[in-house]
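Handing you a structure now.
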Amino acid sequence: MNVLVSGGSGFIGSRLVGRLLQRQHEVSVLTRAPERVRDHLPAEVRLVHWNSGGSGHWEEAIHDADAVVNLAGTSIASGRWTHKRKDLILYTRTDTTRSIVDAIGRASKKPKVLVNASAVGYYGNVPVGDVTEEHPSGDDFLSHVCKEWEEEARKVERFGVRVVLPRTGIVLDKNGGALQRLLIPFRLFAGGPLGNGRQWFPWIHLGDVIGALIHAVEGSTLTGAVNLAAPESVTMKEFCSMLGKVMHRPSWAPVPGFVLKTVLGELAGPLLLSGQKAVPGKLVASGYRFQFPELKPALVDILRG
């Protein structure tokens, strides 16, 4: 297949591009800075200069694509949520998605599928019960972002294109994401749960994120929202306890919620102090088999592999 990836040089995107190439797909990456990302991506990748907010030469790549994967968006965890930053977080997701959907609508040959990123933050804080894809959206900022993001992507359905909305949980990998930051206090023998530790921690190994995205691209049964979270559900306290065991470090120093809110501001709530027991029933029913369905083997693979 010819696969077009937006956000293909990021934490998840770069790994996805590599796996797609291994599976003999042709890959193009939309990027605002081709010269900057050239050395960070395999030579076989075709770089397409991207300028959102209207038509352009990049749309020719849409005409050639069998599948489009859109992972673009400003990081939600790289700075305090000022009004300006919140606007940027929302804009970079909805504007990019809108531009891609509009380009698909204008294309004479349309891709078979659009896989458009989302997150389990769609649901907000759900302290009790399983959370399936039918669960309503929450009422915090991240929920609002995910809802608008998905609504833009769903507009592609009117062109007869299958849309998949992977609502991804907390991605575990030692080279990026949340785990990279959580490892620091544990290495200093000062690790422990964040907040009261009772909030759900919907984790997923990076390998399974990539596997699920490829499953969505290559298959034909997945449609709509799909939870990308491991089958084994754990709380923050249980996660930190297992992390300490795998690292041979104690998990005794909880960080109070008020400290996190003081240091990080508003983003501490939806990112660290709340959660949801997102279950991957739809993904499993579609035939996907998790490489790492349980937490301990996942952490062992990441930290000792």
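Looking at (1) in contact (Cβ under 8 Å) with a residue 40 or more places away in the chain; (2) at negative phi; (3) touching a Lys or Arg at 6+ places or on another chain (Cβ under 8 Å), can you tell me which one A268 breaks?
Just one mismatch for A268, condition (1).
Follow-up question, since we're still on this one. Starting from residues that are closer than 19 Å to V161 by Cα and not small (G, A, S), keep the ones in segment 210-222 and report whichever is surrounded by the fewest Cβ atoms within 10 Å (Cβ to Cβ).
Selected residue: T221.
Can you tell me which condition D130 does not meet? The list is (1) over 30 Å from E238 (Cβ atoms); (2) touching a Ser or Thr at 6+ places or on another chain (Cβ under 9 Å); (3) not β-branched (V, I, T), and all the others hold.
Single failed check for D130: (1).
Conditions (1) more than 22 Å from S233 (Cα to Cα); (2) buried (at least 19 other Cβ atoms within 10 Å of the Cβ), marked per residue:
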| position | (1), (2) |
| --- | --- |
| T262 | yes, no |
| L267 | yes, yes |
| P270 | no, yes |
| G275 | no, yes |
| A278 | no, yes |
| G281 | no, no |
| Y288 | no, yes |
| Q291 | no, no |
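Here's a follow-up. Restricting to segment 59-89, and then to whatever is within 20 Å of N2 (Cα to Cα) and touching a Leu at 6+ places or on another chain (Cβ under 6 Å), can you tell me which residue is modelled with the lowest pLDDT?
Pass one, segment 59-89, residues within 20 Å of N2 (Cα to Cα): 59-72.
Narrowing the set further to residues that are touching a Leu at 6+ places or on another chain (Cβ under 6 Å) leaves 61, 65, 68.
Values: A61: 92, A65: 96, V68: 98.
The selected residue is A61.
Looking at G79, G56, G73, can you tell me which residue is farther than 25 Å from P136 by Cα, of a type in the set (G, A, S) and in contact with a Lys or Arg (Cβ under 8 Å, 6 or more places away or on another chain)? Give the steps one after another, and end with the answer.
Numbers: G56 fails: in contact with a Lys or Arg (Cβ under 8 Å, 6 or more places away or on another chain); G73 fails: farther than 25 Å from P136 by Cα.
The conditions single out G79.
Moving on. Restricting segment 280-305 to residues that are out of contact with any helix residue (DSSP H, G or I) (no Cβ under 8 Å at 6 or more places or on another chain) and without any contact (Cβ under 8 Å) to a residue 60 or more places away in the chain, which is nearest to H205 (Cα to Cα)?
P297
Here is a follow-up. Please find, within segment 187-209, the residue that is farthest from the chain's Cα centre (by Cα) out of those that are assigned to a helix (DSSP H, G or I) and buried (at least 21 other Cβ atoms within 10 Å of the Cβ). Lay out the reasoning, then the answer.
Going residue by residue through segment 187-209, those that are assigned to a helix (DSSP H, G or I) are 187, 206-209.
If we keep only those that are buried (at least 21 other Cβ atoms within 10 Å of the Cβ) too, we end up with 206, 208-209.
Details: L206: 9, D208: 11, V209: 8 Å.
In this case the residue turns out to be D208.
Please verify whether segment 119-133 includes one or more residues that are in a helix (DSSP H, G or I) and of a type in the set (A, V, I, L, M).
Going residue by residue through segment 119-133, those that are in a helix (DSSP H, G or I) are 120-123.
Then drop every residue that is not of a type in the set (A, V, I, L, M), which leaves 120.
Yes.
Looking at the structure I just gave you, is V156 among the hydrophobic types (A, V, I, L, M, F, W, C), farther than 23 Å from H215 by Cα, in contact with a helix residue (DSSP H, G or I) (Cβ under 8 Å, 6 or more places away or on another chain) and modelled with pLDDT of 95 or more? Walk me through it before giving the result.
Working: among the hydrophobic types (A, V, I, L, M, F, W, C): yes; farther than 23 Å from H215 by Cα: no; in contact with a helix residue (DSSP H, G or I) (Cβ under 8 Å, 6 or more places away or on another chain): yes; modelled with pLDDT of 95 or more: yes.
Taking the combined requirement at face value, the residue does not satisfy it.
Next up: Which members of segment 223-240 meet the condition of being crowded, with 20+ Cβ neighbours inside 10 Å and either in a helix (DSSP H, G or I) or at pLDDT below 95 (or both)?
The answer is M236, F239, C240.
So which residues in segment 147-197 are closer than 23 Å to R15 by Cα, of a type in the set (K, R) and free of Cβ contacts under 8 Å to residues at least 60 places away in the same chain?
Within segment 147-197, just R181 meets the criteria.
Could you name every one of the strands (runs of 3 or more DSSP E) located completely within segment 2-104 that has at least 3 residues being under 19 Å from the mean Cα position of the chain (by Cα) and either surrounded by fewer than 19 Cβ atoms within 10 Å (Cβ to Cβ) or at negative phi (or both)? Working first, answer last.
Details: elements: 2-6, 26-31, 46-49, 67-70.
Strands (runs of 3 or more DSSP E) meeting the threshold: 2-6, 26-31, 67-70.
The values are calculated or read from the model by the stated rules, or taken from the named source; none is laboratory data. In this text, all values refer to a predicted model and were calculated from it rather than measured experimentally. We place every Cβ from the backbone using ideal geometry, glycine too, and count neighbours over all the protein chains shown.
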